[in-house]
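Have a look at the structure below before the remarks.
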Amino acid sequence: MTDKPAANARIRINQTETLSNGWLKITRNHFDYLRADGTWQHTIREIHDHGHAAAVLLRDPVRKTVILTRQFRLPAFLSGDDGFLVEVAAGLLDDDDPATCAMREAEEETGYRPLNLRFAFRAYMSPGAVTECMHCFIADYDGDLRPSPGGGLESEGEDIEILELPFDEALAMIARGEIIDAKTIMLLQHAALNQQA
């Protein structure tokens, strides 16, 4: 029985072309991949890269409520939905570590200061074409610790509505198709599975 080659020995990057380098970066990558049958296959893939991100589900364990946001998302609108998605607070790392980003985004978007922040999991959101890895957290919130009204940053085009919902209602919204954002579904389900709400 022969040993399998290391994962990096199965990939040879031949060429990378930059197609766009604005708010996001899109590259066309030419690479060879060593298939399981021992043959090399040449492949070309376009990759979307805008950096990694962090998300946080804010919950009140006593009142059994969560804080979510609603904001307009053009890609969802262009795909046929109304574009106003219910989500957890989230944002790009912007050179911060994931925990710092989660704290910053929670305050910017919701106005609430996260308490007892804890790491839940990390996940690639669309690994076939997007480099983004989402670092997901759960934190508590206290209605008396809200240093700002939230709503996001106008300079970033944000106009965010803040929603306080019973945890069970948020789960029901997934079942009814009213929450269709992947990170939000994953964090709510994680909290339900681990009895964190």
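Bear in mind these aren't lab numbers, they're just calculated from the coordinates by the rules spelled out. Model, not experiment: these values are computed from the prediction. FYI the Cβ positions are ideal-geometry reconstructions off the backbone, even for glycines, and counts take in every protein chain you see.
Over the stretch 7-49, what relative contact order in percent results from Cα pairs under 8 Å that are six or more residues apart?
On the way: 76 pairs, mean separation 15.0, N = 43.
For the stretch 7-49, the relative contact order is 35 percent.
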Identify which of LEU163, LEU24, LEU187 has the largest mean-square fluctuation in a Gaussian network model of the chain, with springs joining Cα atoms closer than 10 Å. LEU24
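Sorted from fewest to most neighbouring beta carbons within 10 Å, what does the list THR184, THR100, THR131 look like?
THR100, THR131, THR184
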Helix 98-110 sits at what angle to the longest principal axis of the chain, using alpha carbons and giving 0 to 90 degrees rounded to 10? 40 degrees
Karplus 3J(HN,Hα) series, Hz, for the stretch 30-47 with 6.51 cos²θ - 1.76 cosθ + 1.60 (x for Gly, Pro): 9, 8, 9, 10, 7, 6, 4, 7, x, 9, 8, 10, 7, 9, 10, 9, 8, 10
Cα extents of the chain along the three principal axes, largest first, in whole Å? 61, 43, 33
Here the stretch 10-26 yields Karplus 3J(HN,Hα) values (6.51, -1.76, 1.60; θ = phi - 60°; whole Hz; Gly and Pro given as x) of 8, 10, 10, 7, 9, 7, 10, 10, 8, 9, 8, 9, x, 4, 10, 10, 10
The long-range amide H neighbours of ARG73, using H built 1.01 Å from N in the peptide plane and a cut-off of under 5 Å, are PHE84, LEU85
Which of GLY128, GLY51, GLY22 moves the most in a Gaussian network model of the chain with Cα springs under 10 Å? GLY22
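For the chain, what proportion of DSSP beta bridges, expressed in % and rounded to the nearest 5, is antiparallel?
Working: 43 of 51 bridges.
For the chain, the DSSP antiparallel bridge percentage is about 85.
Between VAL130 and PHE31, what is 0.36 nm times their sequence separation minus the Cα-Cα distance? Round to one decimal in nm. Display every interim value, and only then the final one.
Working: separation 99, 0.36 × 99 = 35.64 nm, distance 1.65 nm.
Residue separation times 0.36 nm, minus the Cα-Cα distance, leaves 34.0 nm.
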Counting sequence-distant residues (5 or more places) and residues on other chains, those with an amide H built under 5 Å from that of LEU163 are LEU68, THR69, ARG70
Phi-derived 3J(HN,Hα) across the stretch 72-86 with the Karplus relation (6.51, -1.76, 1.60, θ = phi - 60°), rounded Hz, x for Gly and Pro, is 7, 10, 4, x, 5, 5, 5, 8, x, 8, 6, x, 8, 9, 8
Let me make sure I get this right: for the stretch 85-197, a, b and c are the square roots of the gyration tensor eigenvalues over alpha carbons, sorted descending. Under 1.5 in a/c it's rounded, otherwise prolate if a/b > b/c, else oblate. Which is it? rounded
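Tell me the Kirkwood radius of the stretch 7-49: reciprocal of the mean inverse pair distance over distinct alpha-carbon atoms, in Å. Spell out each step's value before the answer.
On the way: mean 1/r = 0.0888 Å⁻¹.
Radius from the Kirkwood sum: 11.3 Å.
Could you give the length gained by full extension between ALA192 and ASP159, i.e. 0.36 nm per residue of separation minus their alpha carbon distance, to one decimal place? Working shown, then result.
On the way: separation 33, 0.36 × 33 = 11.88 nm, distance 2.88 nm.
Result: 9.0 nm gained on full extension.
Rounded to the nearest 500 deg cm²/dmol, what is the calculated helix-only ellipticity per residue at 222 nm for the chain, with -39500 (n - 2.57) per DSSP H run of length n ≥ 4?
Numbers: 4 runs with 39 residues, N = 197.
Counting only the DSSP helices, I get -6000 deg cm²/dmol.
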Against the longest alpha carbon principal axis of the chain, how many degrees, from 0 to 90 and to the nearest 10, is the axis of helix 182-193 turned? 70 degrees
Fewest-first ordering of GLU105, GLU164, GLU178 by Cβ atoms within 10 Å yields GLU178, GLU164, GLU105
Label point 7 Å beyond Cα of ARG10 along Cβ direction - residues of the stretch 22-36 with amide nitrogen under 17 Å: 31-36
